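First up is the structure itself, then whatever we jot down about it.
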Amino acid sequence: MLAAQKEENVESPRLEYTAELLRHFDDLRDGTHGGAVRRQDKERFFSAAVALLDPRARQALNEINTDLLLGTGAVTATGVRRRRGGVEATWSLSWPEQRAAGISPIVIRAYYSAGAHHPHLQGGTVGDWPLNVFDDAQAAAELPALRAVASADLHNLVFQRDYRIIPAITNGWTP
(Lines give C-alpha, C1' and ligand atoms only; values in the text may rest on other atoms or scores of the structure.)
Protein backbone atom coordinates (compact mmCIF):
# COMPACT_ATOMS: atom_id res chain seq x y z
CA MET A 1 0.00 0.00 0.00
CA LEU A 2 1.27 3.48 -0.78
CA ALA A 3 2.26 5.71 2.13
CA ALA A 4 -0.47 8.23 1.23
CA GLN A 5 -3.10 5.47 1.29
CA LYS A 6 -1.84 4.24 4.67
CA GLU A 7 -1.99 7.76 6.08
CA GLU A 8 -5.49 8.28 4.70
CA ASN A 9 -6.66 4.99 6.26
CA VAL A 10 -5.20 5.89 9.66
CA GLU A 11 -6.85 9.32 9.70
CA SER A 12 -10.19 8.34 8.13
CA PRO A 13 -12.94 7.49 10.59
CA ARG A 14 -13.62 3.77 10.64
CA LEU A 15 -17.05 2.54 9.66
CA GLU A 16 -18.82 1.01 12.64
CA TYR A 17 -19.39 -2.36 11.00
CA THR A 18 -15.72 -2.64 10.04
CA ALA A 19 -14.78 -1.56 13.57
CA GLU A 20 -16.88 -4.47 14.85
CA LEU A 21 -15.02 -6.84 12.55
CA LEU A 22 -11.75 -5.48 13.90
CA ARG A 23 -12.93 -6.06 17.49
CA HIS A 24 -13.85 -9.58 16.44
CA PHE A 25 -10.45 -10.23 14.83
CA ASP A 26 -8.65 -8.67 17.82
CA ASP A 27 -10.50 -11.07 20.11
CA LEU A 28 -9.48 -14.03 17.96
CA ARG A 29 -5.89 -12.85 17.95
CA ASP A 30 -5.78 -12.15 21.69
CA GLY A 31 -7.91 -15.04 22.93
CA THR A 32 -10.32 -12.61 24.60
CA HIS A 33 -13.79 -11.16 24.17
CA GLY A 34 -14.00 -7.51 25.09
CA GLY A 35 -10.85 -7.98 27.16
CA ALA A 36 -12.34 -10.93 29.08
CA VAL A 37 -10.56 -14.27 29.16
CA ARG A 38 -12.81 -16.33 31.45
CA ARG A 39 -16.01 -17.85 30.08
CA GLN A 40 -18.01 -16.45 33.02
CA ASP A 41 -16.89 -12.90 32.17
CA LYS A 42 -17.61 -13.40 28.47
CA GLU A 43 -21.13 -14.58 29.34
CA ARG A 44 -21.69 -11.39 31.35
CA PHE A 45 -20.72 -9.39 28.26
CA PHE A 46 -23.10 -11.55 26.22
CA SER A 47 -26.01 -10.86 28.59
CA ALA A 48 -25.29 -7.14 28.43
CA ALA A 49 -25.11 -7.29 24.60
CA VAL A 50 -28.51 -9.02 24.45
CA ALA A 51 -30.04 -6.27 26.59
CA LEU A 52 -28.53 -3.64 24.29
CA LEU A 53 -29.69 -5.43 21.13
CA ASP A 54 -33.21 -6.18 22.32
CA PRO A 55 -34.87 -2.93 21.18
CA ARG A 56 -33.05 -3.07 17.83
CA ALA A 57 -33.97 -6.70 17.13
CA ARG A 58 -37.58 -5.93 17.98
CA GLN A 59 -37.44 -2.85 15.74
CA ALA A 60 -36.11 -4.84 12.77
CA LEU A 61 -38.82 -7.48 13.17
CA ASN A 62 -41.58 -4.93 13.81
CA GLU A 63 -40.59 -3.10 10.60
CA ILE A 64 -41.13 -6.31 8.62
CA ASN A 65 -44.36 -6.97 10.50
CA THR A 66 -45.69 -3.49 9.71
CA ASP A 67 -44.55 -3.15 6.11
CA LEU A 68 -44.75 -6.70 4.77
CA LEU A 69 -47.03 -8.64 7.09
CA LEU A 70 -49.48 -5.74 7.47
CA GLY A 71 -49.36 -5.97 11.26
CA THR A 72 -50.59 -9.57 11.35
CA GLY A 73 -47.49 -10.92 13.05
CA ALA A 74 -46.30 -11.19 16.62
CA VAL A 75 -42.77 -10.56 17.86
CA THR A 76 -41.54 -12.64 20.77
CA ALA A 77 -38.24 -12.72 22.63
CA THR A 78 -36.76 -15.29 24.98
CA GLY A 79 -34.20 -13.24 26.85
CA VAL A 80 -30.93 -14.94 27.74
CA ARG A 81 -31.27 -18.65 28.45
CA ARG A 82 -28.95 -21.61 28.85
CA ARG A 83 -28.98 -24.07 26.00
CA ARG A 84 -26.75 -26.99 25.02
CA GLY A 85 -23.97 -25.88 27.36
CA GLY A 86 -23.98 -22.30 26.10
CA VAL A 87 -26.23 -19.26 26.28
CA GLU A 88 -28.58 -17.79 23.71
CA ALA A 89 -31.37 -15.31 23.15
CA THR A 90 -33.84 -15.34 20.29
CA TRP A 91 -36.29 -12.88 18.78
CA SER A 92 -38.98 -14.31 16.51
CA LEU A 93 -41.69 -12.98 14.23
CA SER A 94 -44.54 -15.32 13.38
CA TRP A 95 -47.72 -14.64 11.43
CA PRO A 96 -50.79 -16.61 10.31
CA GLU A 97 -49.67 -17.43 6.74
CA GLN A 98 -46.28 -18.67 7.96
CA ARG A 99 -47.89 -20.90 10.58
CA ALA A 100 -50.45 -22.21 8.03
CA ALA A 101 -47.59 -23.03 5.65
CA GLY A 102 -45.93 -25.10 8.38
CA ILE A 103 -42.64 -23.20 8.23
CA SER A 104 -40.54 -21.59 10.92
CA PRO A 105 -40.93 -17.94 11.92
CA ILE A 106 -38.33 -15.29 11.15
CA VAL A 107 -35.64 -15.70 13.81
CA ILE A 108 -32.77 -13.53 14.99
CA ARG A 109 -30.55 -15.46 17.37
CA ALA A 110 -27.68 -14.29 19.54
CA TYR A 111 -25.70 -17.19 20.90
CA TYR A 112 -22.49 -18.09 22.67
CA SER A 113 -22.13 -21.82 22.23
CA ALA A 114 -20.22 -24.04 24.63
CA GLY A 115 -17.19 -24.52 22.41
CA ALA A 116 -17.07 -21.04 20.93
CA HIS A 117 -14.50 -18.38 21.63
CA HIS A 118 -17.07 -15.56 21.53
CA PRO A 119 -20.76 -14.93 20.68
CA HIS A 120 -22.42 -14.55 17.28
CA LEU A 121 -25.65 -13.42 15.66
CA GLN A 122 -27.58 -15.74 13.37
CA GLY A 123 -30.82 -15.92 11.45
CA GLY A 124 -33.09 -18.93 11.38
CA THR A 125 -32.10 -19.74 7.79
CA VAL A 126 -29.01 -17.56 7.31
CA GLY A 127 -25.42 -17.67 8.53
CA ASP A 128 -23.51 -16.15 11.38
CA TRP A 129 -22.35 -12.62 12.17
CA PRO A 130 -19.80 -11.71 14.85
CA LEU A 131 -21.39 -10.29 18.00
CA ASN A 132 -19.03 -7.82 19.65
CA VAL A 133 -21.33 -5.29 21.31
CA PHE A 134 -20.29 -3.57 24.52
CA ASP A 135 -22.22 -0.30 24.58
CA ASP A 136 -25.40 1.32 23.31
CA ALA A 137 -23.74 2.96 20.29
CA GLN A 138 -22.35 -0.38 19.13
CA ALA A 139 -25.80 -1.98 19.63
CA ALA A 140 -27.40 0.80 17.57
CA ALA A 141 -24.85 0.14 14.82
CA GLU A 142 -26.11 -3.47 14.67
CA LEU A 143 -29.56 -2.41 13.42
CA PRO A 144 -28.59 -2.79 9.74
CA ALA A 145 -27.21 -6.29 10.44
CA LEU A 146 -30.36 -7.20 12.39
CA ARG A 147 -32.44 -5.93 9.48
CA ALA A 148 -30.32 -7.97 7.07
CA VAL A 149 -30.66 -11.12 9.19
CA ALA A 150 -34.43 -10.73 9.43
CA SER A 151 -34.81 -9.86 5.73
CA ALA A 152 -32.63 -12.74 4.58
CA ASP A 153 -34.49 -15.12 6.88
CA LEU A 154 -37.85 -13.98 5.48
CA HIS A 155 -36.49 -14.38 1.94
CA ASN A 156 -35.43 -17.95 2.69
CA LEU A 157 -38.80 -18.73 4.29
CA VAL A 158 -40.56 -17.56 1.11
CA PHE A 159 -38.45 -20.07 -0.82
CA GLN A 160 -39.48 -22.82 1.59
CA ARG A 161 -43.10 -22.17 0.48
CA ASP A 162 -43.88 -19.22 -1.78
CA TYR A 163 -44.68 -15.51 -1.85
CA ARG A 164 -48.20 -16.10 -0.55
CA ILE A 165 -46.91 -16.15 3.02
CA ILE A 166 -46.43 -12.36 2.71
CA PRO A 167 -49.71 -10.49 3.39
CA ALA A 168 -48.51 -7.31 1.68
CA ILE A 169 -48.20 -9.26 -1.57
CA THR A 170 -51.45 -11.20 -1.28
CA ASN A 171 -53.41 -8.08 -0.30
CA GLY A 172 -52.73 -6.16 -3.51
CA TRP A 173 -49.43 -4.36 -2.87
CA THR A 174 -48.14 -2.60 -5.96
CA PRO A 175 -44.78 -0.90 -6.45
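Looking only at residues of the range 122-136 that are of a type outside the set (Asp, Glu) and without any contact (Cβ under 8 Å) to a residue 40 or more places away in the chain, we find that the one that is most open to solvent (accessible area, probe 1.4 Å) is Trp129. In the range 107-120, the residues that are without any contact (Cβ under 8 Å) to a residue 12 or more places away in the chain reach residues that are open to solvent by less than 10 Å² (accessible area, probe 1.4 Å) with C-beta atoms within less than 7 angstrom, at least six apart or across chains, in these pairs: His120/Leu131. Note on the range 141-175: among residues that are crowded, with 17+ Cβ neighbours inside 10 Å and in contact with a strand residue (DSSP E or B) (Cβ under 7 Å, 6 or more places away or on another chain), the one that is farthest from Leu21 (Cα to Cα) is Leu157.
The criterion of at least 1 residues that are among the β-branched types (Val, Ile, Thr) is met by the following helices (runs of 4 or more DSSP H) wholly inside the range 74-175: 143-160, 167-170.
For the range 75-97, the set of residues classified as loosely packed, with under 14 Cβ neighbours inside 10 Å, of a type in the set (Gly, Ala, Ser) and at negative phi is empty.
The values are calculated or read from the model by the stated rules, or taken from the named source; none is laboratory data. Fair warning: this is a prediction, and the values are worked out from it, not measured in the lab. Quick reminder, even Gly has a Cβ in these numbers, built from the backbone with ideal geometry, and neighbours come from all protein chains shown. Side chains included, ligands, DNA and RNA excluded: accessible areas come from the protein's heavy atoms. Shrake-Rupley method; radii C 1.70, N 1.55, O 1.52, S 1.80 Å.
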